[in-house]
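Below is one structure; the comments refer to it alone.
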């Protein structure tokens, strides 16, 4: 064939064939080509030559990337980013650690965490995380940012709502599943035009009038999404983490447009005692914190 071939490979093949390639001397790490009966150096490789799969031409290795990760980045993402740099470069720990978390120790590339279930690429500015079957992500679109208007043990988050979270957001904001599962509850208790669809403030008549969705997870817990404007799913639907399930609103007993989410154990009815809920993409969430969603495909 005509190549190109890495010099080292040419040398090995020549030795097996009992011949020599004059152009190879001093170019074992470069790319060689063959035109007719003449070998020549096709490209000098400062970082060595990469042998590709049979049928594809060998090529010079890209230079190593300086370590550019600020916190944590999936291996695949670092490799893709390296190719966009000027000049393009390669990350030394991939593809062996494509699905792990990479970082920097000074100028050195390191594996910060081995991800048994693969790596989850979050929105730009949010550190990537290992996949976790029990992890939850913020219930709005990848890269969107909203302020937590009420956290755990807030003014109205007591009793059964002790561990609930509220996010202030405009009516009609897409709501996304924090974790995958099966839709167990989906009710429109306040349709458009009704008294409690978009009340001017807290109305006693609007108790238990919120439009809501409940998604049951593999471990039996249920994530409840309340005060919705509309629903995009129905009971029995299977949803993945990040799927759009509805639009936020102001339905029910509420003082203003927001999304209420809480995690609960199954208790036989739709509204149960809440249990602690932590978001992998917002580990330090609290009232007043504007959090950026890492709920990405």
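Here is how the numbers come out for the structure above:
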{"item": "Among (1) surrounded by fewer than 18 Cβ atoms within 10 Å (Cβ to Cβ); (2) farther than 30 Å from residue 131 by Cβ, the one test that residue 53 misses", "result": "(2)"}
{"item": "Residue match in region 101-113 (condition: touching a residue at least 40 places away in the same chain (Cβ under 8 Å), part of a loop (DSSP other than H, G, I, E, B) and surrounded by fewer than 17 Cβ atoms within 10 Å (Cβ to Cβ))", "result": "yes"}
{"item": "Hits in region 7-20 - residues which are touching a helix residue (DSSP H, G or I) at 6+ places or on another chain (Cβ under 6 Å) and either modelled with pLDDT of 90 or more or surrounded by fewer than 17 Cβ atoms within 10 Å (Cβ to Cβ) (or both)", "result": "20"}
{"item": "Residue check, residue 209 in the same structural domain as residue 149 (by TED's automatic domain parsing), at pLDDT 95 or above and either surrounded by fewer than 23 Cβ atoms within 10 Å (Cβ to Cβ) or touching a helix residue (DSSP H, G or I) at 6+ places or on another chain (Cβ under 7 Å) (or both)", "result": "yes"}
{"item": "Residue list for region 208-231, filter: in a loop (DSSP other than H, G, I, E, B) and within 24 Å of residue 147 (Cβ to Cβ)", "result": "210, 211, 227"}
{"item": "Residue in region 274-287 that is touching a helix residue (DSSP H, G or I) at 6+ places or on another chain (Cβ under 8 Å) and under 28 Å from residue 197 (Cβ atoms) present", "result": "yes"}
{"item": "Looking only at region 224-271, and only at residues there that are at negative phi and free of Cβ contacts under 8 Å to residues at least 24 places away in the same chain, the one that is nearest to the chain's Cα centre (by Cα)", "result": "232"}
{"item": "Selection status of residue 225, assigned by TED's automatic domain parsing to the domain that holds residue 164, at pLDDT 95 or above and more than 23 Å from residue 162 (Cβ to Cβ)", "result": "no"}
{"item": "Flag for residue 36 being free of Cβ contacts under 8 Å to residues at least 60 places away in the same chain and over 16 Å from residue 61 (Cα atoms)", "result": "yes"}
{"item": "Counted residues, region 238-273 - those being assigned to a strand (DSSP E or B) and over 19 Å from residue 218 (Cβ atoms)", "result": "8"}
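This table checks each residue for (1) surrounded by 13 or more Cβ atoms within 10 Å (Cβ to Cβ); (2) in a strand (DSSP E or B); (3) modelled with pLDDT of 90 or more; (4) at positive phi.
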site	(1), (2), (3), (4)
77	yes, no, yes, no
97	yes, no, yes, no
117	no, no, no, no
134	no, no, no, no
142	yes, no, yes, no
148	yes, yes, yes, no
152	yes, no, no, no
157	yes, no, no, no
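The values are calculated or read from the model by the stated rules, or taken from the named source; none is laboratory data. Being a predicted model, the structure only gives us computed values, none of them experimental. For neighbour counting, all protein chains shown are included, and Cβ atoms are generated from backbone atoms with ideal geometry for every residue, glycine included.
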